[in-house]
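Undergrad: Below is a structure I'd like to ask you about.
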Amino acid sequence: MTASRLMLAFPDGHPAGRFLVVGARGDDDLSPLDVNATRIQQGYFPDHQALAARGYHVSVAIDGDFDGALVVLPRSKQQARARIADAAARLVPGAPLWIDGQKTDGVDSILKELRRLADIDEVHSKAHGKIFRVTLPVENGLPPEWRSRPSEVAPGFVTRPGVFSADGIDPGSALLAQHLPDRLPTRVVDLGAGWGWLAAQALARPGLEIIHLVEADHAALQSARDNISDPRAQFHWADARDFTLPEPVNGVIMNPPFHEGRQPEPKLGAAFIATAARLLTGAGRLWMVSNRHLPYENVLAGHFAKVTEIGGDSRYKIIEATGAGRQAGNRGGRP
């Protein structure tokens, strides 16, 4: 979202009353809004922390009624609909609902859908996106299926709109699970645990005494809590890039992200690798999957004594690394 679009919507500054913002990102310019009269709903940990550090009142879920709301559209259409329905349910009758989004995030499609459901009396275009105002009928008028609810994507596993691989098991995670050893170390961390499928596969192997699921997306972590009832699992809503534990572990598994929005960002995976090395004992082992084209080997070599590709296919590579905290002196090849 750009400040210029927000200024077009609110040329006179903050609208009257309590205002709700759903999905604002950590670096969004919200200067037209009054910090004290604005509440922000954000479940992505880095954005949540960044907004809170700027003085905003931020929560993963917000109750109460509001005199206006703004929804910042995500890439996922299902999640966009859920955000709109969630915000609409918190508005007093007749209150305006503003929608802001980039063209690349489907704002035109959402605008077209909402024109069939409600009155739209302002549309502003700027900076490759749109912001528009919706006035819903008293009975709301949004389809009930727009509301966010868990959906089963595999036997015993649910996800929520917008989480990574919300439609099914990620093939990279499935390949990694196939290459985990028959017996796992006692203390394991799953960095970027998502909705818990990979951690569940680890829990099915002998040896494991505790597994820490670390996930920045609150909705994904809540799905993981729904999916895993094993008391050996501990759940952490945190940014994997700076996650710490009081004591080191002897195993890390991970399928790190490599996109920030729509842009590839290999530095994310590199940061996950650095965290894994920091969490592990010297004798501990890292198992990770990545897209084959991503150049993580040099990063791994800077943190681990031995880096070995233990499997993969044309799309993915499975890597095992040992000797955390020491530069590679013996990098293995494919088996």
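The values are calculated or read from the model by the stated rules, or taken from the named source; none is laboratory data. This structure is a prediction, so every number in the text was calculated from the model and none was measured. Cβ placement follows ideal geometry from the backbone for every residue including glycine, while neighbour counts extend to all protein chains displayed. Ligands, DNA and RNA are stripped out before the accessible areas are found, and what is left, the full protein with its side chains, is counted by its heavy atoms. Shrake-Rupley method; radii C 1.70, N 1.55, O 1.52, S 1.80 Å.
Undergrad: If the only charges are +1 at each Lys and Arg Cβ and -1 at each Asp and Glu Cβ, what is the size of the charge dipole of the stretch 76-169 around the Cα centre, to the nearest 20 debye?
TA: The calculated dipole for the stretch 76-169 is roughly 120 debye.
Undergrad: What accessible area per residue, rounded to a whole number of Å², is obtained for the stretch 46-191 using a probe radius of 1.4 Å?
TA: With all protein chains present, the stretch 46-191 gives 47 Å² per residue.
Undergrad: Additional query: State in Å² the accessible area per residue of the stretch 193-239; use a 1.4 Å probe, count heavy atoms of protein chains only, and round to the nearest integer.
TA: Per residue, the stretch 193-239 has an accessible area of 36 Å².
Undergrad: Could you work out how much longer the chain between I310 and S59 gets when fully extended? Use 0.36 nm per residue separation minus the Cα distance between them, nm to one decimal.
TA: 86.2 nm
Undergrad: Now for a different question. Give me the distance between the Cα centres of the stretch 211-240 and the stretch 1-55, rounded to whole Å.
TA: If you average the Cα positions of each part, the centres end up 28 Å apart.
Undergrad: When DSSP beta bridges are limited to those with both residues in the chain, what percentage is antiparallel, rounded to the nearest 5?
TA: If I count the DSSP bridges inside the chain, around 50 percent turn out antiparallel.
Undergrad: Give the peptides 203-211, 98-106 in descending order of average Cβ contacts within 10 Å, highest first.
TA: Output ranking for 203-211, 98-106: 98-106, 203-211.
Undergrad: Highest first, please rank the peptides 43-49, 12-18, 26-32 by the mean number of other Cβ atoms sitting within 10 Å of their residues.
TA: With the highest mean Cβ count within 10 Å placed first, the list reads 43-49, 26-32, 12-18.
Undergrad: Let me ask something else. Residue by residue, what Karplus-based ³J(HN,Hα) values in Hz, rounded to whole numbers, does the stretch 174-190 have, using 6.51, -1.76 and 1.60 with θ = phi - 60° and x for Gly and Pro?
TA: 4, 5, 4, 4, 5, 9, 5, x, 4, 10, 9, x, 6, 10, 10, 10, 9
Undergrad: For the ranges 162-169, 127-134, what's the packing order if you count other beta-carbon atoms within 10 Å of each residue, average per peptide, and put the highest first?
TA: Put in order of decreasing packing, that is 127-134, 162-169.
Undergrad: Right, something else. Can you give the calculated 222 nm mean residue ellipticity of the chain, where each DSSP H run of n ≥ 4 adds -39,500 (n - 2.57) and the sum is split over every residue, rounded to the nearest 500 deg cm²/dmol?
TA: -7000 deg cm²/dmol
Undergrad: Please get the size of the charge dipole for the chain, origin at its Cα centre, with Cβ charges of +1 on Lys and Arg and -1 on Asp and Glu, quoted in debye to the nearest 20.
TA: I would put it at about 860 debye.
Undergrad: Shifting gears a bit: Taking 0.36 nm per intervening residue step and subtracting the Cα-Cα distance, what contour gain separates D12 from R116 on full extension?
TA: Full-extension gain reported as 34.5 nm.
Undergrad: Right, another one. Which ³J(HN,Hα) values, rounded to whole Hz and listed in residue order, are derived for the stretch 61-68 from phi using the Karplus coefficients 6.51, -1.76 and 1.60 in 6.51 cos²θ - 1.76 cosθ + 1.60 with θ = phi - 60°, glycine and proline given as x?
TA: 9, 10, 9, x, 9, 10, 8, x
Undergrad: Additional query: Ignoring any ligand, DNA or RNA, what whole percent of the accessible area of the stretch 1-43 comes from carbon and sulfur when the probe is 1.4 angstrom?
TA: Ligands and nucleic acids excluded, carbon and sulfur reach 51 percent.
Undergrad: A further question on this structure: Over every pair of different alpha-carbon atoms in the stretch 205-323, take the mean of 1/r and invert it; report that Kirkwood radius in Å.
TA: It is 15.2 Å.
Undergrad: Out of these labelled values of Rg/Rh (Cα atoms, Kirkwood Rh), (1) 1.03; (2) 1.00; (3) 0.98, which was calculated from the coordinates shown here?
TA: (1)
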